[in-house]
Amino acid sequence: MIKIGLFCAAGFSTGMLVNNMKVSAEKRHIDVLIEAYPQSKLCDCVEDIDVALLGPQVSYTFDQSEAICKDCDVPIAVIPMADYGMLDGDKVLSLALSLSEKKYLCKGG
């Protein structure tokens, strides 16, 4: 199971996107756990996730967030504004999966 954390300003605005990602994962028969959190909780959550995605509205925290994730070997990216705005769960899930695959390949898996 891949655990994906979406981090936004308050943890609420990504709720619909999380649901769309779950629907996409079901259609693809992919076992994932996807949760939304406020960006301020990244430190508390990073050890329990495999991939972190930042909402575009908190992209200004990327450098700080990346440093937190790096300590735990968790890949991180900012969700593209268009995909976030369109609530495109399929594209955002693909982004998370590609980050997860890169992490796995880098570890020699």
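Odds and ends about this structure:
- Residue match in the stretch 31-39 (condition: within 14 Å of A96 (Cβ to Cβ) and among the aromatic types (F, W, Y)): no
- Scanning the stretch 3-35 for residues that are assigned to a strand (DSSP E or B), surrounded by 15 or more Cβ atoms within 10 Å (Cβ to Cβ) and either at pLDDT 95 or above or of a type in the set (K, R) (or both) yields K3, I4, G5, L6, F7, V32, I34, E35.
- Restricting the stretch 38-70 to residues that are at pLDDT 95 or above and assigned to a strand (DSSP E or B), the residue that is nearest to C8 (Cα to Cα) is L54.
- Total residues in the stretch 79-99, condition within 10 Å of the chain's Cα centre (by Cα) and either closer than 15 Å to M16 by Cα or surrounded by 21 or more Cβ atoms within 10 Å (Cβ to Cβ) (or both): 4
- The one condition in (1) touching a Cys at 6+ places or on another chain (Cβ under 9 Å); (2) surrounded by 13 or more Cβ atoms within 10 Å (Cβ to Cβ); (3) not β-branched (V, I, T) that E47 fails to fulfil: (2)
The values are calculated or read from the model by the stated rules, or taken from the named source; none is laboratory data. Keep in mind the model is a prediction, meaning the values are calculated, not measured. Neighbour counts are summed over all protein chains in view; Cβ atoms, including those assigned to glycine, are modelled from backbone coordinates with ideal geometry.
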